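Student: Okay, handing you the structure first.
Just so it is clear, none of the values below were taken in a lab; they were calculated from the coordinates. Just so it is clear, the model here is predicted, and its values are computed rather than measured. Positions of Cβ are generated from backbone atoms using ideal geometry, with glycine treated the same way; all protein chains shown enter the neighbour counts.
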Amino acid sequence: MDDTGTTQQQLSEKIGTTRQTISQYMNGDIEPKMKSFLAIAKHFDVSCDFLLGRTRAAAPDDFIQEVVTRYGLSEQALLLLERLNAPLGIDDVEKDRITMTVRVDELAEILKAAVGNLKGKSKRARYR
């Protein structure tokens, strides 16, 4: 809730419960009923799997979930790849060489993270 600036009171009003109940959810004293759980996921625009800790991808989109899980990329890396894939016209390149440099740097960081992830998976597989 800190990421979005949502207060317990605001969330309780949004999903139709009390602030005390939200506090109990957050402290782990009680678990939300399915209706409340789904309302929380919808409010924050995240998947239920993310709330349950089953995936690192917060987005409810199945495609994003699969890519993040399969390739070990973060959602941020996936968004950077999408930006890199956006078409650039010749005029854009001439006008803004800095943008091109940033794109290459972003791609390099994404590739480093992906290779690091693959190496980590490879090491884990050897020790099983």
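Student: What whole-number distance in Å separates the alpha-carbon centres of region 1-19 and region 43-58?
Tutor: When both Cα centres are located, 17 Å separates them.
Student: What does the charge add up to near Lys42, with Lys and Arg as +1, Asp and Glu as -1, over the other residues with Cβ less than 13 Å from its Cβ? If you can, show how the numbers build up before the last one.
Tutor: On the way: positive: Lys14, Lys35; negative: Asp45.
Cβ neighbours under 13 Å give a net charge of +1.
Student: With a Cα-only, solvent-free Debye model of region 1-57, what are the log10 I(q)/I(0) values at q = 0.12, 0.13, 0.26 Å⁻¹?
Tutor: Log-scaled intensity ratios, in q order: -0.25, -0.29, -1.23.
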